[in-house]
Amino acid sequence: MIESSCKTHAGCRSVLRIKRSAIEHNVKELFRFSGKKLIAVVKSDAYGTGVRYIAPILSELPEVDSFAVACVEEGVLLREMGIKEEILILGGVLPEELSAVKEYGLTPVVSDMEHLRVIGKEDIKFHVKYDTGMGRLGFVGEFIDDPRVVGVMSHLSTPADREFSLKQIERFRNIVERYGRSLKVHLESSAGVIYRVPYTTHVRVGLAIYGEKPLREYPIRLEPALSVVARILSVKEVPRDFPISYGRTYVTEREKRIGVIAFGYADGLMKSLSNRGYFLYRGRKLPILGNITMDMTVVDVSGTDARVGDWVTVVDEGRTFGDLAREAGTIPYELMCNLSSRVKREVI
Ligand SMILES: *Cc1c(COP(=O)(O)O)cnc(C)c1O
């Protein structure tokens with residue numbers, strides 16, 4: 001049974017629960033499997049979960065070596081939170097960001113000659129990114145030799161494709177060997193970890209930390225760390241032939257009990273789940289009826305004793321973001337990033 005554990009937010013109507021012990025378990029398993037410390041990727045507010053909650057958990061773990069974020073502003077936020085570890089800026093450094101990089105001691109990833117020009121003669125340590133087949137950021141053909149280089153990285157475009165990934169791994173090895181000195185070397189994301197690349201020194205992972213599987217077949221036993229619950233705002237009986245929600249895309253085929261759930265597309269639910277998805281109430285599926293709206297979704301609660309104020313489950317350990325993503329035709333990353341700030345965060 002779902003109990004309201006939302007004691008700190010008397011008025012809250014939906015909650016993302018973050019299970020600390022599961023995050024710790026996943027970090028330790030990633031370390032155990034790879035034999036390498038983690039560069040924890042916490043870009044985009046820790047994949048939408050809330051970096052304020054996630055970073056302090058990770059920072060306490062000896063298996064976490066450092067952090068990576070997308071942009072300077074995200075790096076500054078981590079420093080202001082008191083994070084002392086190295087913070088990689090995956091998206092490089094633009095001219096107006098240089099002063100913050102210096103002031104906050106951030107480590108840019110240089111993947112364009114223009115980034116090097118921005119850094120100029122400044123005493124700033126940086127990593128260099130090589131494009132070995134991702135087709136996004138990184139040098140192709142050029143070799144950046146500079147005493148300020150403390151790390152090198154590349155990124156796999158298709159970890160599920162073994163043949164292509166092994167080509168990327170081989171190309172990157174050739175580049176790393178040219179340096180002939182000790183550097184931080186990182187290539188593997190959550191999915192890439194399966195390759196156990198022998199010459200890298202760190203893994204650069206995000207999704208798996210939350211217990212979400214990056215591949216269907218994944219050799220690491222992850223523990224789901226995230227769950228989402230929302231409250232029932234109203235329950236009522238409606239007769240047959242009764243239209244439900246905007247556009248009347250669903251009309252009851254018989255008398256039904258319907259529940260209105262305080263979770264809509266503004267909270268991060270994909271509107272494409274209208275008339276297709278479901279929530280869970282004490283283990284039972286509550287099918288979504290009609291169009292999902294901004295703040296509310298109507299479900300069928302017929303045959304249950306669901307009452308106003310009860311909690312329904314959107315995501316839990318048995319129905320992960322990955323499962324919901326498959327139902328919605330997207331990826332767990334997108335669903336997680338769409339969780340809005342209105343969904344309260346709670347570490348358990
Ligand atoms: C987001 C990102 C990662 C982490 O990927 P996961 O699949 O979440 O582990 C690693 N490297 C780069 C360059 C990224 O942008």
- request: Report the residue count in the stretch 311-348 for those that are assigned to a helix (DSSP H, G or I), within 15 Å of the ligand (Cβ to nearest atom) and over 15 Å from R216 (Cβ atoms).
  value: 5
Selection count, the stretch 196-229, where residues are within 13 Å of the ligand (Cβ to nearest atom), in the same structural domain as G151 (by TED's automatic domain parsing) and without any contact (Cβ under 8 Å) to a residue 40 or more places away in the chain: 0
field: Contacts under 6 angstrom Cβ, first residue in the stretch 310-338 being without any contact (Cβ under 8 Å) to a residue 24 or more places away in the chain, partner surrounded by 19 or more Cβ atoms within 10 Å (Cβ to Cβ) and not hydrophobic (A, V, I, L, M, F, W, C), 6 or more apart
entry: A325/P332
query: Which condition number does G141 fail, the rest of (1) modelled with pLDDT of 95 or more; (2) closer than 24 Å to G192 by Cα being met?
result: (1)
- prompt: How about the stretch 81-109: which of its residues are within 20 Å of the chain's Cα centre (by Cα) and either part of a helix (DSSP H, G or I) or within 15 Å of L137 (Cβ to Cβ) (or both)?
  reply: L88, I89, L90, G91
query: Has the stretch 172-186 got at least one residue that is within 20 Å of K37 (Cβ to Cβ), under 20 Å from the mean Cα position of the chain (by Cα) and at pLDDT 95 or above?
result: yes
query: Which ones in the stretch 141-163 are within 16 Å of the ligand (Cβ to nearest atom) and among the β-branched types (V, I, T)?
result: V152, T158
In the stretch 109-118, residue farthest from V149 (Cα to Cα) [restricted to those that are buried (at least 21 other Cβ atoms within 10 Å of the Cβ) and away from the ligand (no atom under 13 Å from the Cβ)]: H115
statement: Residues of the stretch 170-195 being away from the ligand (no atom under 14 Å from the Cβ) and more than 18 Å from D146 (Cα to Cα), in sequence order, are E170, R171, R173
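So which of L137, L116 is in contact with a Lys or Arg (Cβ under 6 Å, 6 or more places away or on another chain) and either in a loop (DSSP other than H, G, I, E, B) or over 16 Å from H186 (Cα atoms) (or both)?
It is L137.
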query: Considering L286, L269, which residue is away from the ligand (no atom under 16 Å from the Cβ), assigned to a loop (DSSP other than H, G, I, E, B) and hydrophobic (A, V, I, L, M, F, W, C)?
result: L269
- line: Checked against (1) of a type in the set (V, I, T); (2) closer than 15 Å to N26 by Cα; (3) more than 16 Å from the chain's Cα centre (by Cα), I209 satisfies every condition except (3)
query: Which of (1) touching a Phe, Trp or Tyr at 6+ places or on another chain (Cβ under 9 Å); (2) among the basic types (K, R); (3) within 14 Å of the ligand (Cβ to nearest atom) is the odd one out, the single condition K256 does not satisfy?
result: (3)
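The values are calculated or read from the model by the stated rules, or taken from the named source; none is laboratory data. These numbers come from a predicted model, not from an experiment. When we count neighbours, we look across all protein chains shown, and the Cβ atoms used for this are built from the backbone with ideal geometry, even at glycine.
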